[in-house]
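Notes follow the structure.
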2 protein chains.
Amino acid sequence: MATTALHTTVLDTIGRRITSGDVPAGTSLTLESIGTEFGVSRTVAREVMRLLEWLGLVRSGRRVGIVVLGADEWNVLDARVIRWRLEGPGRDAQLRTLTELRHAVEPLAAAGAARNASDAARASLVETATRMRVLGEAGDLEEFLRLDIRMHELLLRESGNEMFGALAGVVAAVLSGRTHLGLMPASPVPEALDQHEAVARAVADADPEAAEAAMSSIVGEVRRALPADT
Amino acid sequence: MATTALHTTVLDTIGRRITSGDVPAGTSLTLESIGTEFGVSRTVAREVMRLLEWLGLVRSGRRVGIVVLGADEWNVLDARVIRWRLEGPGRDAQLRTLTELRHAVEPLAAAGAARNASDAARASLVETATRMRVLGEAGDLEEFLRLDIRMHELLLRESGNEMFGALAGVVAAVLSGRTHLGLMPASPVPEALDQHEAVARAVADADPEAAEAAMSSIVGEVRRALPADT
DNA sequence: GCTTGCCAATGGTGCTATCAATGCGTCATG
DNA sequence: CATGACGCATTGATAGCACCATTGGCAAGC
């Protein structure tokens, strides 16, 4: 975002290569090769490597070059890494682990929102849920997704816990990945719409238990709908 | 870690300044000023700024310089940011939100570990729990902390979900912060020791429900022991 | 007085050149 | 065959340059 287009291009390309397994762990690169391949100076290549190093994808050392690290060293909670991995192979496993994370976090966040959300947020949640029903029944998946993301993000950010709020990007990536990878039914199941409305109502009524239960049921359903978790 | 000492020094100093509120949002810096203050070249200052930008602490723009961002833009889940904030004012609020996150994640992770942990890990958990009792009753807080971290880290990493594993650093930072900030009793309460043993046993017995319940009770107790959450 | 548009100062962006530091491979030597 | 010293490749760090987007002020016109 804030970083320039130049950096992001190189970063995304190399990041995708590594996370996809295209460039396996142990491979070693040099600043020179990156520079020539992308037509950038060593300065830019170096800064990109710094970022990748920070993301745990590579380690750089003198004389050794830049060596690619294994998946267990990656900063898997990073939104960029998640996006890359959702685009590559292994996206099913990725969706499973992320959904499990949602299962842990979102119910508590919903309960928090029921306690702490601003009046404006509560109203916005109710409105979003009703519009979701309309669009869902109309089968407008793209717009539905936008609202879905908005709703979950609102709940996380208004939960009163910034740590939950910080996961909004992750949840957005998952939701977006789910529809864009064709894992959504042509039109959302009625139960999901009911539950979203239930969450919104519970938050509006300042009823933490009901909000937690409804959200838990939403994520639980998503989890069951995923490919079998071997 | 992997980044050099030079970078880390500058990064830590500026990071602490910003997260502590010492340098308020809206302040603008220049590469020049940072370079001269720390006696580093503009290149290094630039790379540090790239990192800080990525962490959401600053945004850099042409002509504008580098402007400090507000707390709502920070990457609060980042281990570095967490460490900085635990050292500064507002550590109580920080501990509260982090504990709530633990409350969401750790019980599920324990259940996962009961399903997926390797035999070696199960054995190691049981051994760690028993040694924790010994050291806890002896009042060796420092060594107790080491084992405590080890146990929680094992559970998270063996949960079968790398997302939980990625939070091990966060949990370690919290545990470490809790004892080093003097929020621990001189010797751990017996209930905590019991519950840790209960988790270890449940994982060893491959009993997810028991593991989840015991872990939930551990974190729940920690939560109650915190300063009132206004 | 207020708006519109232009201009110059500012400070990050990206490049090149250069030297220092440092590990890895190699080769000579015992 | 083992061991140690040397050379070389490659990152780390600095300096200085050209470039240009942004901003704030200034001036002209309505």
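The values are calculated or read from the model by the stated rules, or taken from the named source; none is laboratory data. Owing to the predicted nature of the structure, the values given are computational and were not obtained by experimental measurement. Using ideal geometry, Cβ is built from the backbone for each residue, glycine included, and neighbour counts are taken over all protein chains shown. Surface areas here come from the heavy atoms of the whole protein model, side chains and all, with no ligands, DNA or RNA. Shrake-Rupley method; radii C 1.70, N 1.55, O 1.52, S 1.80 Å.
So here's what we get for this one:
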{"read-out": "Global form of the protein assembly as shown, assessed from the alpha-carbon gyration tensor, a/c cut-off 1.5", "value": "rounded"}
{"read-out": "Cβ-based charge dipole, region A:85-230, positive-most Cα from A:G165, A:A93, A:A121", "value": "A:A93"}
{"read-out": "Region B:4-19 - phi-based ³J(HN,Hα) in whole Hz, Karplus 6.51/-1.76/1.60, Gly and Pro as x", "value": "6, 4, 4, 4, 4, 4, 4, 4, 4, 4, 5, x, 5, 4, 6, 5"}
{"read-out": "B from A by rotation - nearest chain A beta carbon to the axis, in Å", "value": "A:A104, 2"}
{"read-out": "In degrees, nearest ten, helix B:119-138 long axis to first principal axis of chain B (Cα)", "value": "90 degrees"}
{"read-out": "Selection from A:M215, A:Q195, A:L226, by position along the positive dipole direction of region A:163-230 (Cβ)", "value": "A:L226"}
{"read-out": "Other-copy label distances relative to B:A138, 7 angstrom Cα-Cβ extension, nm", "value": "7.0"}
{"read-out": "Extension reserve of the B:D92-B:S20 stretch, reckoned as 0.36 nm per residue once the Cα distance is removed", "value": "24.6 nm"}
{"read-out": "Size descriptor, Kirkwood hydrodynamic radius, that averages inverse alpha-carbon separations across chain B, Å", "value": "19.2 Å"}
{"read-out": "Solvent-accessible area lost in complex, 10 Å² minimum, residues of region A:157-192 relative to chain alone, 1.4 Å", "value": "A:G160, A:N161, A:E162, A:M163, A:F164, A:A166, A:L167"}
{"read-out": "Length gained when the stretch A:L183-A:L6 is fully extended (0.36 nm per residue, less Cα-Cα span)", "value": "60.4 nm"}
{"read-out": "Helical mean residue ellipticity (222 nm; -39500 (n - 2.57) per DSSP H run of 4+; nearest 500) of the protein assembly as shown", "value": "-22500 deg cm²/dmol"}
{"read-out": "Percentage, to the nearest whole number, of Cα pairs in region A:5-73 over 19 Å apart", "value": "21 percent"}
{"read-out": "Nearest-first distances (nm) between copies at A:R224, label 7 Å from Cα via Cβ", "value": "3.4"}
{"read-out": "Packing rank of B:65-76, A:180-191, where each peptide gets the mean count of other beta carbons within 10 Å, highest leading", "value": "B:65-76, A:180-191"}
{"read-out": "Rounded to whole Hz, the Karplus (6.51, -1.76, 1.60) HN-Hα couplings of region A:22-34, x for glycine and proline", "value": "4, 10, x, 4, x, 4, 10, 10, 10, 4, 4, 4, 5"}
{"read-out": "Accessible area buried between chains B and A, both sides summed, probe 1.4 Å, in Å² to nearest 100", "value": "3200 Å²"}
{"read-out": "Under-5 Å amide H pairs with B:V58, H placed in peptide plane, nonlocal only", "value": "B:E53, B:L69"}
{"read-out": "Teacher prompt: B:L6 distances to equivalent labels in other copies, 7 Å Cα→Cβ, nm", "value": "2.0"}
{"read-out": "Interface residues in region B:69-93 - accessible area drops by 30 Å² or more relative to the isolated chain, probe 1.4 Å", "value": "B:V76, B:L77, B:R80"}
{"read-out": "Sequence-distant residues sharing a close amide H with B:G65 (under 5 Å, placed H)", "value": "none"}
{"read-out": "Chain A: relative contact order in percent, alpha carbon pairs under 8 Å with at least 6 residues between", "value": "21 percent"}
{"read-out": "Carbon plus sulfur fraction of accessible area for the protein assembly as shown, probe 1.4 Å, in percent", "value": "52 percent"}
{"read-out": "Interface residues, region B:104-121 - accessible area loss of 50 Å² or more versus chain alone, probe 1.4 Å", "value": "B:A104, B:L108"}
{"read-out": "FRET efficiency, A:T27 to A:D207 (Cβ-Cβ, R0 45 Å, nearest 0.05)", "value": "0.25"}
{"read-out": "Estimated vicinal HN-Hα couplings, Hz - region A:172-188 in sequence order (Karplus 6.51, -1.76, 1.60; Gly, Pro = x)", "value": "4, 4, 5, 4, 4, x, 4, 6, 6, 9, x, 9, 9, x, 4, 9, x"}
{"read-out": "Where chain A is the region considered: accessible area per residue in Å², 1.4 Å probe", "value": "45 Å²"}
